[in-house]
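Student: Structure provided below as structure tokens; questions to follow.
The values are calculated or read from the model by the stated rules, or taken from the named source; none is laboratory data. The structure displayed is predicted, hence computed values, not measured ones. Note that we place each Cβ from the backbone using ideal geometry, even for glycine, and neighbour counts take in every protein chain shown. Surface accessibility is based on the protein's heavy atoms, side chains included, excluding ligands, DNA and RNA. Shrake-Rupley method; radii C 1.70, N 1.55, O 1.52, S 1.80 Å.
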Amino acid sequence: VGLAAKRRTEEDIELIEVALNNYRAKAINNEGALQEDLLFHLAIARASGNSTMNALMLQITPKIISIFENNRVCDDDESISGLRKHEAIFAAIKNRDVAMAVKSMEVHFEALIDFCNNFENANEGFNE
């Protein structure tokens, strides 16, 4: 996200904003917005100009969708909270504020990191 804030073009800003607006429309109506959420993050990865990160995001996104849908990572109440976090990330990228973009993404990913840690602990020994 730091690279996106530093390298983003006006076209990138437009693409991120479209993704944000699509997420917003679903979140406000309490509709599932997982795909829109991930499209927002894919737009940020594209804006970073890091082809490896972009390719990685394209590879892992389908698996993320599957795991999140099967484990109900986000509930409807979290959609509005997620929207506010996405808005903060977008504003930082648009303003080329690298430090704020990184901080905003860290805050956004706190719940995801907790989920991943709990998911890993809950599935220990499953594949043995």
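Student: Rank these by accessible area, largest first, 1.4 Å probe: 56, 3.
Tutor: 56, 3
Student: Please enumerate, by chain and number, the lysines with C-alpha under 19 Å from the C-alpha of residue 103, excluding those fewer than 8 residues away in the same chain.
Tutor: Straight-line reach from residue 103, under 19 Å: 6, 85, 94.
Student: How many Å² of accessible area per residue for the chain, probe 1.4 Å?
Tutor: I get 62 Å² per residue for the chain.
Student: Okay, next question. State to the nearest 20 debye the size of the charge dipole of the chain about its Cα centre, where the only charges are +1 on K and R beta carbons and -1 on D and E beta carbons.
Tutor: It comes to approximately 580 debye.
Student: Right, another one. Of the accessible area of the chain, with the probe set at 1.4 angstrom, what percent is carbon plus sulfur?
Tutor: That share works out to 52 percent.
Student: Out of 40, 109, 90, any idea which swings most in a Gaussian network model of the chain, alpha carbons joined below 10 Å?
Tutor: 109
Student: Also, quick follow-up: For the stretch 54-68, what does the Karplus curve 6.51 cos²θ - 1.76 cosθ + 1.60, with θ = phi - 60°, yield as ³J(HN,Hα) per residue in whole Hz, taken in order and with x for Gly and Pro?
Tutor: Along the stretch 54-68, the couplings run 4, 5, 4, 4, 5, 6, 8, 4, x, 5, 4, 4, 4, 5, 5 Hz.
Student: Using helices alone, what [θ] at 222 nm do you get for the chain, with -39,500 (n - 2.57) per DSSP H run of 4 or more residues, divided over all residues and rounded to the nearest 500?
Tutor: Result for the chain: -27500 deg cm²/dmol, rounded to the nearest 500.
Student: Each label point is 7 Å from the Cα along the Cα-to-Cβ direction; what then is the distance between the points at residue 110 and residue 61, in nm?
Tutor: Label at residue 110, label at residue 61, 2.7 nm between them.
Student: Considering Cα pairs under 8 angstrom that are at least six residues apart, work out the relative contact order of the chain and quote it in whole percent.
Tutor: Dividing the mean separation by the residue count of the chain yields 36 percent.
Student: Kirkwood hydrodynamic radius, computed over distinct alpha-carbon pairs, for the chain: how many Å, to one decimal?
Tutor: About 15.2 Å for the chain.
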